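Asks: I have a structure here, written as structure tokens, and I will follow up with some questions on it.
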Amino acid sequence: MKIIGVVSALKSEASCLMEKQNFPLYQVVEIGERTSVCLSSIGSKAARGAALKLREHDINALVSFGVAAAVNNELIPGDLVLPEAVTMNGEILPVDLEWRNRLAGVMSKQLTVAGGILASCEEPLTSTEQKLALGEATGACAADMETAAIAKVAAEAGISFLAIRAIVDPIEFSPPEALMSAVYPDGSVDAVQLIKLVLSGSVSIRTLIHLGLGMHVARSALLEVVQRTGLTFASDYMPSYRNLQENQSQSINNE
């Protein structure tokens with residue numbers, strides 16, 4: 001039985017797990033009988049610290065839960081990435097493939113679910129050129145700043161790891177670098193600083209709308225994961241007897 005520790009960097013990600021729950025930074029919050037969350041803030045160092053903190057609570061599986069950027073032309077906002085491996089600085093970090101495939105099999109056919117490799121980046125990707133370069137160098141389909149650090153902790157501890165990431169921005173659109181000055185560590189926005197950026201022309205209203213729409217559809221994908229699998233992410237999912245019969249019938253017909 002998996003005792004799961006979830007790391008999310010942003011409040012907007014963690015709130016998909018339990019909408020009205022308060023998630024203070026760097027504190028472990030129990031949200032289910034076998035699931036706890038630690039909100040890490042942005043970046044690999046913070047994510048590693050959160051994963052290590054969860055390890056102190058006797059968890060035996062780690063999950064990276066949140067959003068990611070597309071680094072190829074195939075993925076669009078709202079697509080779900082369940083990577084089969086994670087890469088960081090040339091190192092390939094493993095994913096529990098049985099768990100990953102079980103989760104992928106439960107998801108709606110209307111939701112695009114991608115596999116492949118998820119890459120690590122140390123800074124936000126703010127241009128198409130940066131995204132393409134990372135994708136070409138690693139063979140990855142998507143990237144984020146936290147997943148590899150969490151996967152590394154899991155690998156070091158010899159426990160299961162799963163990444164659940166929804167695409168928030170496509171290859172052709174990236175948040176401008178200036179915007180980061182208006183973002184708090186937990187992803188919430190400094191409204192005063194944001195207004196200054198808009199008035200100065202550093203960030204356009206169109207860009208903010210684009211970002212908002214991307215986060216909306218990414219959150220919708222993450223919410224669907226929770227709605228379909230609960231807070232154990234199909235770690236203990238067993239198909240119903242009816243589904244087993246249907247699968248067996250299909251196998252016989254194919255033979």
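Asks: If I filter segment 7-25 for residues that are in a strand (DSSP E or B) and either surrounded by fewer than 19 Cβ atoms within 10 Å (Cβ to Cβ) or over 16 Å from the mean Cα position of the chain (by Cα) (or both), do I get at least one hit?
Replies: Within segment 7-25, one or more residues are in a strand (DSSP E or B) and either surrounded by fewer than 19 Cβ atoms within 10 Å (Cβ to Cβ) or over 16 Å from the mean Cα position of the chain (by Cα) (or both).
Asks: Then there is this: When residues of segment 89-101 are filtered for being modelled with pLDDT under 95 and crowded, with 16+ Cβ neighbours inside 10 Å, how many remain?
Replies: Of the residues in that region, 0 qualify.
Asks: Could you give every pair whose Cβ atoms fall below 6 Å, whose first residue belongs to segment 51-78 and is without any contact (Cβ under 8 Å) to a residue 60 or more places away in the chain and buried (at least 18 other Cβ atoms within 10 Å of the Cβ), and whose second residue is part of a strand (DSSP E or B) and not hydrophobic (A, V, I, L, M, F, W, C), counting only separations of at least 6 or pairs across chains?
Replies: Pairs found: 54/5.
Asks: For segment 197-226, which positions are farther than 30 Å from residue 107 by Cα and crowded, with 19+ Cβ neighbours inside 10 Å?
Replies: Result: 197, 203.
Asks: Counting only residues that are in contact with a strand residue (DSSP E or B) (Cβ under 7 Å, 6 or more places away or on another chain), β-branched (Val, Ile, Thr), within 30 Å of residue 178 (Cβ to Cβ) and assigned to a loop (DSSP other than H, G, I, E, B), how many does segment 110-159 have?
Replies: 0
Asks: If you scan segment 125-161, which residues turn out to be among the hydrophobic types (A, V, I, L, M, F, W, C) and within 22 Å of residue 187 (Cα to Cα)?
Replies: 125, 142, 143, 145, 148, 149, 150, 151 - these are the residues of segment 125-161 that are among the hydrophobic types (A, V, I, L, M, F, W, C) and within 22 Å of residue 187 (Cα to Cα).
Asks: Continuing with this model, one more query. Could you tell me whether residue 83 is in contact with a Cys (Cβ under 9 Å, 6 or more places away or on another chain) and either surrounded by 16 or more Cβ atoms within 10 Å (Cβ to Cβ) or under 24 Å from residue 155 (Cβ atoms) (or both)? Quick ask: steps written out before the conclusion?
Replies: Numbers: in contact with a Cys (Cβ under 9 Å, 6 or more places away or on another chain): yes; either surrounded by 16 or more Cβ atoms within 10 Å (Cβ to Cβ) or under 24 Å from residue 155 (Cβ atoms) (or both): yes.
Taking the combined requirement at face value, the residue satisfies it.
Asks: Looking at 67, 86, 63, which one is closer than 17 Å to residue 236 by Cβ, at pLDDT 95 or above, assigned to a strand (DSSP E or B) and under 16 Å from the mean Cα position of the chain (by Cα)?
Replies: Details: 67 fails: closer than 17 Å to residue 236 by Cβ; 86 fails: closer than 17 Å to residue 236 by Cβ.
Selected residue: 63, the only one of 67, 86, 63 that is closer than 17 Å to residue 236 by Cβ, at pLDDT 95 or above, assigned to a strand (DSSP E or B) and under 16 Å from the mean Cα position of the chain (by Cα).
Asks: What are the residues in segment 166-216 that are part of a helix (DSSP H, G or I), of a type in the set (A, V, I, L, M, F, W, C) and in contact (Cβ under 8 Å) with a residue 60 or more places away in the chain, if any? Step through it out loud before you land on a result.
Replies: Taking segment 166-216 first, the residues part of a helix (DSSP H, G or I) are 177-182, 191-200, 205-216.
Subsequent filtering for residues that are of a type in the set (A, V, I, L, M, F, W, C) retains 178-180, 182, 191-192, 194-195, 197-199, 205, 208-209, 211, 213, 215.
Across segment 166-216, the qualifying residues are 213, 215.
Asks: Take the residues in segment 155-165 that are touching a residue at least 60 places away in the same chain (Cβ under 8 Å) and not β-branched (Val, Ile, Thr), then tell me which one is farthest from residue 72 (Cα to Cα).
Replies: Step one: list which residues in segment 155-165 are touching a residue at least 60 places away in the same chain (Cβ under 8 Å), which gives 155, 157, 159-165.
Right, trim to not β-branched (Val, Ile, Thr) and you get 155, 157, 160-163, 165.
Values: 155: 27, 157: 32, 160: 27, 161: 24, 162: 22, 163: 18, 165: 15 Å.
Only one residue fits best here, namely 157.
Asks: Could you list all residues from segment 94-115 that are in contact (Cβ under 8 Å) with a residue 24 or more places away in the chain and closer than 18 Å to residue 160 by Cα?
Replies: The answer is 94, 95, 96, 99, 100, 102, 103, 115.
Asks: From the set of residues in segment 26-42 that are in a loop (DSSP other than H, G, I, E, B) and out of contact with any Leu (no Cβ under 6 Å at 6 or more places or on another chain), which is surrounded by the most Cβ atoms within 10 Å (Cβ to Cβ)?
Replies: 40
The values are calculated or read from the model by the stated rules, or taken from the named source; none is laboratory data. A quick note: this is a predicted structure, and the numbers were derived from the prediction, not measured. Cβ atoms come from the backbone with ideal geometry, glycine included; neighbour counts cover every protein chain shown.
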